[in-house]
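Novice: Encoded as structure tokens, here's the structure I'll be asking about.
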Protein chains: 2
Amino acid sequence: MTNKTATKQLKSTSSAYVAKDLRTDLDHRLARIEGHLRAVRQMLSEGESCDDLMTQLAAVRAATTQTIVKLFEGHMESCVKTCVQTGKGQDALVGLKGALSTLLRQV
Amino acid sequence: MTNKTATKQLKSTSSAYVAKDLRTDLDHRLARIEGHLRAVRQMLSEGESCDDLMTQLAAVRAATTQTIVKLFEGHMESCVKTCVQTGKGQDALVGLKGALSTLLRQV
């Protein structure tokens with residue numbers, strides 16, 4: 001039995017990488033956020049109400065947070081898991097600590 | 001003595017709008033965030049580490065929050081202030097409540 005949906009070896013310094021499906025999902029999410037930002041700029045140029053602009057920017061921020069959560073989950077399930085299994089857990093945790101410290105400081 | 005840097009009358013349903021300088025500043029901020037997102041998508045396609053991707057997305061989220069803060073401050077200083085001065089404070093507060101409820105729910 002093969003498992004072709006496992007991790008990818010790419011530019012990442014870790015020994016594993018998030019699955020292709022997740023990378024596609026993340027890219028689509030980021031593209032949607034980009035489009036959303038363009039729409040907000042259009043709203044601003046047309047003088048839409050500040051309340052509406054704030055609501056839309058809150059949605060942009062929420063979508064960014066959701067993307068980070070998805071990336072984090074995928075990272076834990078592939079990269080970190082593989083690192084731990086191959087005795088490189090310490091390295092994975094150091095990288096994770098740096099990224100999560102930045103993230104959590106900016107709630 | 002004239003005050004030409006005051007508020008603008010635009011599509012907004014409120015009787016005032018954020019000053020042109022601030023609108024330009026907000027647009028530049030949003031354009032930078034768009035560019036940042038494009039760069040993150042590039043990083044993802046090149047297989048950069050998840051830790052780096054998370055750090056960059058945290059920066060995108062922080063920049064979005066800062067843009068919301070700027071918009072909020074401008075809105076309070078022009079639109080809400082003018083509404084209160086012209087006896088439309090109640091309307092301004094209803095709109096503000098809606099936008100801020102959405103925003104604060106998503107911390």
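Novice: Treat every Asp and Glu Cβ in chain B as -1 and every Lys and Arg Cβ as +1, leave all other atoms uncharged, and give the resulting dipole magnitude about the Cα centre to the nearest 20 debye.
Specialist: Taking the Cα centre of chain B as origin, the dipole is about 580 debye.
Novice: Which value at 222 nm does chain B reach when only helices count, each DSSP H run of 4 or more adding -39,500 (n - 2.57), with the total divided by all residues and rounded to the nearest 500 deg cm²/dmol?
Specialist: The per-residue figure over chain B is -23500 deg cm²/dmol.
Novice: Also, quick follow-up: Can you find, among B:L37, B:A19, B:A58, the residue sitting farthest towards the positive end of the charge dipole of chain B, where Lys and Arg contribute +1 and Asp and Glu -1 at Cβ?
Specialist: The listed residue farthest towards the positive side: B:A19.
Novice: Using a 1.4 Å probe on protein heavy atoms only, how many Å² of accessible area do B and A hide from each other, summed over both chains and rounded to 100?
Specialist: Working: alone 8260 and 8250 Å², together 11870 Å².
Buried: approximately 4600 Å² between A and B.
Novice: Output, in nm with one decimal and in ascending order, the distances from the A:A31 label point to the matching label points of the other copies (7 Å from Cα along Cα-to-Cβ).
Specialist: Nearest first, the other copies' label points are 2.4 nm away.
Novice: Further question: Give me a single rounded figure for B:60-73: the average over its residues of other chain Cβ atoms within 10 Å of their Cβ.
Specialist: 5
Novice: Right, another one. Which number do you get for Rg(Cα) / (2.2 N^0.38 Å) in the protein assembly as shown? Don't skip to the end; give the middle numbers.
Specialist: On the way: Rg = 20.9 Å, N = 214, 2.2 N^0.38 = 16.9 Å.
Output field value: 1.24.
Novice: Can you give the direction-averaged projected area of the convex hull of the alpha-carbon atoms in chain B, in nm²?
Specialist: Mean projected area of the Cα convex hull: 8.4 nm².
Novice: At 7 angstrom along the Cα-to-beta-carbon line, where would the label on A:Q106 sit relative to the other copies? Give the distances in nm, shortest first.
Specialist: Between copies, matching label points for A:Q106 lie 1.5 nm apart.
Novice: Hey, another quick one. Say a label goes 7 Å from Cα toward Cβ at B:T86 in every copy; what distances in nm does this one have to the rest, shortest first?
Specialist: 6.5
Novice: Other chains near B:98-105: what is the mean number of their Cβ atoms within 10 Å of each residue's Cβ? Mind dumping the intermediate values first?
Specialist: Details: counts 4, 10, 4, 2, 8, 7, 1, 2.
Per residue, the number of nearby Cβ atoms from other chains is 5 on average.
The values are calculated or read from the model by the stated rules, or taken from the named source; none is laboratory data. Being a predicted model, the structure only gives us computed values, none of them experimental. Neighbour counts run over all protein chains shown; Cβ positions are idealised from the backbone, glycine included. Calculation scope for accessible area: heavy atoms of the full protein, side chains included, ligands and nucleic acids excluded. Shrake-Rupley method; radii C 1.70, N 1.55, O 1.52, S 1.80 Å.
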